[in-house]
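Here the structure comes first, spelled out in structure tokens, and everything after it is commentary.
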Amino acid sequence: MEENEIINSAISSKPLPNGNRSFYEKISFWIGIAGSVLTICLTAWNANTKMHIDEREAELKSLELKLKERSAGVEESKERVERYKWVISLFPNLNGSDNKEKNFTINLIRLALTEDEAKQLFTGLQASSDTTMQSLGQKGNNAIDNEPIFILVSQMNAGTADVRKHAVAQLQKDYKSSPQAITLALRLYDEDKIKKLSASGVINGLSYLSSTDPEGWNKEQILAGKSTAKRIHASNPGPQTLKFLAAFESMLEKTDDKK
């Protein structure tokens, strides 16, 4: 009896074959399958939707960036046109006889334009058939070419020792025979400028001028150099300045002998 009960119990615990499943079990089975399929479809649809949204956002960002770039370009064009108008308004000052005013105007034009713009302008003037325009073009191009020299000469009187040393070293290396550099250095000692020079600035200028090639000097520069030496002597210089001043005067004598 106990064996029959065990067998009957085992038989009753086995799952029913498909054909014997209840209606509820079949519905649950297909609902599960449908739910899984629906979940997969929704996941794919969400991924596809997100991809399209991301693409649209990227397109909008790209469009926004292009609009900003175009807006910046328009503003830059407006600014360029205003600069050009202002430069044109300065041209009457170039036709006068006052050389100081002409040079000042040329420098203003150079500051208002980029280096390429100024170069194109002055090169165009230099190619003009009008001799006055040719002269202005030449002066303008000279001003552009002399800019690096002007900066170095100014830096010999800078507030930082490293800047001063670099400027002197660069001038002695690259501009020993440059008439432009010599002239600009001598102008540091003009009557209206020498008081603005620091002790280091006075010495640095003398150091550079003493190292220049005598062949780079002309008679006007020699006269200016002698006036510079007198002006420095009159300022009661210290021992170190006198040392560099003596070297400068010695160079001037050699230069004067060759002229």
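Laid out as a table, the results:
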item	result
Lys100, Lys66, ranked by accessible area, largest first (probe 1.4 Å)	Lys100, Lys66
The chain: calculated mean residue ellipticity at 222 nm from DSSP helix runs of at least 4, using -39500 (n - 2.57)	-27000 deg cm²/dmol
Pairs of Lys in segment 102-186 closer than 24 Å at Cα, counting only those 8 or more apart or on different chains	6
Cα long-axis angle, helix 23-90 against the chain (0 to 90 degrees, to the nearest 10)	10
Reference-scaled alpha-carbon Rg (2.2 N^0.38 Å with N residues) for segment 210-259	1.12
In degrees, nearest ten, helix 99-112 long axis to first principal axis of the chain (Cα)	10
Charge-dipole axis of the chain as Lys and Arg at +1 and Asp and Glu at -1 on Cβ define it, positive-most pick from Ala127, Ala47, Phe244	Phe244
Test item: Cα-centred dipole of the chain, Lys/Arg +1 and Asp/Glu -1 on Cβ, debye	1160
Top of Lys243, Lys68, Lys102 by mean-square fluctuation, Gaussian network on the chain, Cα under 10 Å	Lys68
Cα lying deepest toward the dipole's positive end in segment 47-205, options Leu171, Leu111, Leu60, charges on Cβ	Leu171
Folded to 0 to 90 degrees: helix 115-126 orientation relative to the chain principal axis, Cα	40
Stokes-Einstein D for segment 142-228, Kirkwood Rh over Cα pairs, 4 °C, 1.567 mPa s (µm²/s)	101
Inter-centroid distance (Cα atoms) of segment 36-97 relative to segment 217-257, Å	61
Choice from Arg187, Arg231, Arg56 with maximal GNM fluctuation in the chain (Cα, 10 Å cutoff)	Arg56
GNM top mover of Val87, Val153, Val37 - the chain, alpha-carbon springs below 10 Å	Val37
Residue-normalised accessible area of the chain, expressed per residue, 1.4 Å probe, Å²	69
Accessible carbon and sulfur surface of the chain relative to its total accessible area, %, 1.4 Å	57
Per residue convex hull volume, Cα atoms of the chain, in Å³	336
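The values are calculated or read from the model by the stated rules, or taken from the named source; none is laboratory data. Being a predicted model, the structure only gives us computed values, none of them experimental. Backbone-built Cβ (ideal geometry, glycine too); neighbour counts: all protein chains shown. Ligands, DNA and RNA are excluded from the accessible area calculation, which covers all protein heavy atoms including side chains. Shrake-Rupley method; radii C 1.70, N 1.55, O 1.52, S 1.80 Å.
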